[in-house]
Each structure stands twice: as C-alpha cells, then as structure tokens.
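The structure under discussion appears below in the form of structure tokens.
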Amino acid sequence: MEYISHPFIVPETMEKRAYQFSISMNALERNTLVVIPTGLGKTAIALIVAASRLYQNGGKVLMMAPTKPLVEQHLRYFQAHLAIPGDDERFAMFTGEASPEKRTAEWMAASVILATPQVIKNDLIAGRYDLTDVTLLIVDEAHRAVGNYAYVFLAERYMQTAHDPLILAMTASPGGNKEKIADIVENLHISAVESRTEQDPDVRPYVHEKEIEIIHVDLPPQLKTALDDLKALVGDRLNQLKQAGFPVTDQTSLSMKALQEISAIIQQRIAERDATGFAAASIHAELMKLRHAIGLAESQGCMVLKSYLHKLLAEGNAPGGSKASKRIAYDPRFIQLINRSIEWKEECHPKLLILPDLVISILHESPDTRIIIFATYRDTVKMIVDTLKAAGISAERFVGKANRDQEKGLSQKRQIATISRFREGEFPVLVATSVGEEGLDIPSTDVVIFYEPVPSEIRSIQRKGRTGRHSTGRIIVLVTRKTADETFQIVSRRREKAMATGMKHLTGQEKKILQTALPIDQGELQKAKEVQEEFFSGPRIIIDDRELVSKVAEHLSSAGAVIRIERLFQGDYKIGDRILVER
C-alpha cells in the first residue's frame, strides 16, 4: 500500500488514493465544491488540503459540520493524521458548551478549529474574534448552504474579511434540483466543482457492490378501512375548498405541491381581507393533519396511526385547541374511526411483522453483521426497537436531542456513545431517524434497511452510503403496495438519476462557466475589508440571544455594529441606555 508523504501528515497513516489526491490538488487552486459518494473519504480530502494549506500559507483552518457528533468525529480524524508542529492545543473544538471567553482564548491559540456553524456565526456577530487569518474554510454537508442556514452568512463574511481565503465545500449529495445546486454554488462562492461517482475509473477499485432488495407488503384490512375513512374526510374538505373557488381536481388525494399552491392563494385572499381566505386557512390546516394521518396509515401501521388519531382528539377537546383540530375531532366519521381504533390491540402493519424474522435471518447468516434500520418517525423507531427486543434481538434507537411529547431525545453525548458502542459490536442493530443519515462514521455496517422509502434523493443517497464501505453491502427497502411508499420509491430513484446527470453537466460544460461567472469583486472586497477595519467605530448594540435565529443580527454585524449577546428581559435589541427595540 502506498501512503501519502507530507510534512504535516503523520507518516504511513493515510492511504494514497489517486482520486483523493487529484481532487485535493485541484481544490488548492480555487474555491471548490467536492461531490463524492459517502464512504469514499471526503474527510481525507479535507485533511490533505488542510495540511497543504497550513504548510504553504500558515494561518488557521476552520472546519465546520452541522452536528456535535460529526465535529467530534472530524476532530478525532484530524488529531490522528494531521502532524502540526506544536502541542495538542493546536486543535480546538467549538460546539457551544464552552464559555465565550474560553472559545476566544482557544481561537487565538489553535491552528485547526472544528466547530458547528451556529457557534462560529454567533461569536463573529458578537465580535469575539474574526476570520482574517483563516486560510482554509471547510464546509461539511455543504448541501445545507441554502436559505438562512449559518453556512451562507459565514461564507460571505469569510470572503469579505479573510486575507487569503480558500473554501472547500463537501457533500455526498447536493440534490437533483438545478436551482438548489446553483444556490449552493453561489452562496459558498464556488469557482470549481470536483465530482466523482462509483462508476469513475479512479474510484472503482475502492467501491464495493451494493445489493438492493425490495420487499413488498400489502396493507391489512384494518388499515385499508382506516384509509377509506381518512380519504373520505379529506374529500369532504376538498369539496369545501372547491366550492369556495380554489383549484381542486382530485377528490381522494392531494399532493404537497397542490397544498402549497392552495396555501399561496389563501394567503393572498387573507392579505386582501377576503373572508373566504380565513375560512380556507382552517380547512387547509385540517388537510395537512389528515394528510399526515394517511401517511402514517400507509407506511407506519396501526399503533403509530392510533397514537396520532388520539393526539388529534385530545387537541380538539382541549380548551385551547385550534379550530382545525376541533372540526376534525367532532366529525362523525372521525369519531367512528377513533372507536374502531380502540380495538387495535397489537401492531397490524406487515412491515413490523416481517422485520424480526428478516433481521434474525441476516444475523443467522453472519452473526457479526451490523444493521442500521432507518425510519422516518420517532414513534416508529421506538416501536421497531421494542419489537426487535421482544424477539430477542439487541437493538438501540438513535434519534435527535430534542424532546418530543413524552419521549426524551438523545443528547449529543449519548449519540456519540451509542455510535461508539455500535461500532464496537456491543449490539447488532441500530434503529435511526434522519439524524443517522449525515456523515457519521459507522464503517462496519453491512446491511441498511429502509423501513419506508424517502422521496428525497439526498437522504436516500446518504442512507445507502451507510453500507458497502469495506465489503459488499446490502440495502433492503420495505414498500407497501398501492400507497405513497411506491410513489416515494419512484420519485427518489428519478431524483437520484437527475442529480447524477446534473453533476456530470456541472463538472463538464459548466465548470468553465463557474470559474469565470463567480469572480470575487475586488472593489467590493476592499470596501468590506475597510468596513471590518473600522468595525469598532460602529454603534454598540446588545441583542437578545433568542434573536440570533433571524437575519437581523447578521445584517447589523455586516453593517459594522459592535454587538454583545445577552439575555434581555425587555425588548429584543438594546441601543445605549435609553432605547429598546421590540421586533
């Protein structure tokens, strides 16, 4: 095996792969978006570029990732492979747990900072440090760089203030939407795209086959009857909208796109003080709740649906319940459905019935197999874990940190511990929501099971990337016939193909266009740097820490205001001693 030889890389620790080395060398020339499948070493590319940049240009490297588990994972990798002269203080990790004063001190001392983007954004707005001496900004999971996400602000601020800027953005899946890809490219000031697929000649030697198996199941009678009731409830409300002049054509189902179009018309009518707009808004809210119930019936099963129906009933009977919830709760057909659901004593969805035997057969073939099961909803995750444990299978859940209803989430510390124990083989099955899709290093996973298909090509690609890293991987998708499962499976496959086609086009003809179409305006850059140099002459404003989710703080910071972040008991913004602004 040939290893990478570099003064700032620990000898004989990194295999030299031609595609990684080629991408890294090109990424040193200009702001680059790297798109390669999960498991092919995006972090290795980032480290090679970081080592070269620190060796040649000095300064600091700032690498950002969306979650604390990902940041810690990157920190371990960089500490193991990056040989920066000096001591361990050359590395720092920012995730918001340390005090601002400690972060400021660590920023000054460190050469490599690994962080979640929101922490860096808040610190920059508060003026705790700046990005002037950052010579490389690494953006992991770059497909998030759209809208109001912190990456957008940080890339802009970096290009305006850094003395010697270079951006390396990385993702396994930017999406199949051309407009979104264009937004990512623009928001991150990308000048070149480096893309590889598993079919490229320099990648093929490192790729293992993925066997994809589709298992079809049929809805049981209880759920078919429940679906008939839910669709009838939807039909009643669509008729009401149709009579009010809204564009409704299908009386049995309604796509999210159609709902969004109706919502736009409703908002327009409300703005015009049209009474039909206010009435339609409540009906639209009912449709959203019923549409969600239909999705649960089709793909999740009796117990999850039953839980949601009773939640709607409780909302409708509560004193502060919404008009939409009350209208549903008092509908005779809904009451009839609730009464029937009381008789559902055990899980009736065939997916859950076949899952234990499926997992047992996989583990019987190979006892050391590691399996990840992806499900959309937390209730489903809990139900799967309970079902597998009842069958004697050791399984644990992997969900986000937020608490939902009666269920506690997993803190980021517990997430990291769970992944570590799964990697070490303490239990064979991990059942995860979307929090397990992005970037986490679970190299020993042999089988990935989709409890239901997902329409997002990004999520589908990330899920598939959890397997087939070191040997042949197996992907199993559970699909319920004649439901949205079949639609989502088709949509996801189509979007994956569209993304692959789009990336080929982008890295072919459009690469040359990118290099000339997105230059940094040197005049604007100089003006921005002059603003930065005069930063402390601007007005002094205290911003309530709960207001950092808006773009107001970003605009004030970019305009040169000196900002302090505090918890204000009155107002959202405090200017001097006499002015409070309530937003």
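Scanning the stretch 323-337 for residues being among the β-branched types (Val, Ile, Thr) and in contact (Cβ under 8 Å) with a residue 60 or more places away in the chain gives a total of 1.
When the test is whether a residue is in the same structural domain as Val477 (by TED's automatic domain parsing) and either under 23 Å from Ala297 (Cβ atoms) or free of Cβ contacts under 8 Å to residues at least 12 places away in the same chain (or both), Leu410 does not pass it.
Scan the stretch 96-106 and tell me whether some residue there is surrounded by 20 or more Cβ atoms within 10 Å (Cβ to Cβ), within 16 Å of Val61 (Cα to Cα) and of a type in the set (S, T, N, Q). Scanning the stretch 96-106 turns up no residue that is surrounded by 20 or more Cβ atoms within 10 Å (Cβ to Cβ), within 16 Å of Val61 (Cα to Cα) and of a type in the set (S, T, N, Q). Of Asp123, Asp130, Asp140, all but one fail to be buried (at least 23 other Cβ atoms within 10 Å of the Cβ), touching a helix residue (DSSP H, G or I) at 6+ places or on another chain (Cβ under 7 Å), closer than 27 Å to Ser550 by Cβ and charged (D, E, K, R); the exception is Asp140.
Restrict the check to the stretch 274-296 and report whether at least one residue is among the charged types (D, E, K, R), free of Cβ contacts under 8 Å to residues at least 24 places away in the same chain and surrounded by fewer than 21 Cβ atoms within 10 Å (Cβ to Cβ). Looking through the stretch 274-296, at least one residue is among the charged types (D, E, K, R), free of Cβ contacts under 8 Å to residues at least 24 places away in the same chain and surrounded by fewer than 21 Cβ atoms within 10 Å (Cβ to Cβ).
One line per residue, one yes/no per condition, for (1) under 23 Å from Gly96 (Cβ atoms); (2) of a type outside the set (D, E, K, R):
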{"site": "Asn122", "(1), (2)": "yes, yes"}
{"site": "Arg128", "(1), (2)": "yes, no"}
{"site": "Ala150", "(1), (2)": "yes, yes"}
{"site": "Thr161", "(1), (2)": "yes, yes"}
{"site": "Ala169", "(1), (2)": "yes, yes"}
{"site": "Lys178", "(1), (2)": "no, no"}
{"site": "Ala182", "(1), (2)": "no, yes"}
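Filtering the stretch 191-226 to residues that are assigned to a strand (DSSP E or B) and more than 26 Å from the chain's Cα centre (by Cα) leaves Ile215, His216, Val217. The residues of the stretch 110-157 that are farther than 22 Å from Ala51 by Cβ, in contact (Cβ under 8 Å) with a residue 40 or more places away in the chain, of a type outside the set (D, E, K, R) and in a loop (DSSP other than H, G, I, E, B), listed by number, are Thr116, Ala126, Gly127, Ala145, Val146, Asn148.
Considering the stretch 149-181, the residues that are aliphatic (A, V, I, L, M) and closer than 24 Å to Leu40 by Cα include one that is nearest to the chain's Cα centre (by Cα), namely Ala172. Summed over the stretch 517-569, the residues that are at pLDDT 85 or above and more than 20 Å from Arg128 (Cβ to Cβ) give a count of 1.
To keep it simple, each residue is scored yes or no on (1) at pLDDT 90 or above; (2) surrounded by fewer than 19 Cβ atoms within 10 Å (Cβ to Cβ); (3) more than 24 Å from Thr116 (Cα to Cα).
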| residue | (1), (2), (3) |
| --- | --- |
| Tyr158 | yes, no, no |
| Lys178 | no, yes, yes |
| Asn187 | yes, no, no |
| Ala192 | yes, no, yes |
| Thr197 | no, yes, yes |
| Asp200 | no, yes, yes |
| Leu219 | no, no, yes |
| Lys224 | no, yes, yes |
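Being at pLDDT 60 or above and either over 23 Å from Arg204 (Cβ atoms) or assigned to a loop (DSSP other than H, G, I, E, B) (or both) is a property that holds for Val435. For the stretch 253-265, the condition of being at pLDDT 90 or above, polar (S, T, N, Q) and not in a helix (DSSP H, G or I) holds for none of the residues.
Quick check on Ile23: is it touching a Ser or Thr at 6+ places or on another chain (Cβ under 9 Å) and assigned to a helix (DSSP H, G or I)? Considered against the rule, which asks whether it is touching a Ser or Thr at 6+ places or on another chain (Cβ under 9 Å) and assigned to a helix (DSSP H, G or I), Ile23 comes out as yes.
Counting only helices (runs of 4 or more DSSP H) that sit wholly inside the stretch 33-109, those with at least 2 residues that are in the same structural domain as Ile120 (by TED's automatic domain parsing), in contact with an Asp or Glu (Cβ under 8 Å, 6 or more places away or on another chain) and under 29 Å from Val193 (Cβ atoms) are 42-57, 68-81. The helices (runs of 4 or more DSSP H) located wholly in the stretch 326-428 that include 2 or more residues which are more than 25 Å from Lys306 (Cα to Cα) and more than 26 Å from the chain's Cα centre (by Cα) occupy 350-365. You will find that of Lys323, Lys306, the residue that is buried (at least 17 other Cβ atoms within 10 Å of the Cβ) and in the same structural domain as Asp229 (by TED's automatic domain parsing) is Lys306 and no other. In the list Ala182, Ala169, Ala142, which residue meets the criterion of being at pLDDT 95 or above and not polar (S, T, N, Q)? Sole residue among the options that is at pLDDT 95 or above and not polar (S, T, N, Q): Ala169.
The values are calculated or read from the model by the stated rules, or taken from the named source; none is laboratory data. Owing to the predicted nature of the structure, the values given are computational and were not obtained by experimental measurement. Counting neighbours? That spans all protein chains shown, and the Cβs are built from the backbone with ideal geometry, glycine included.
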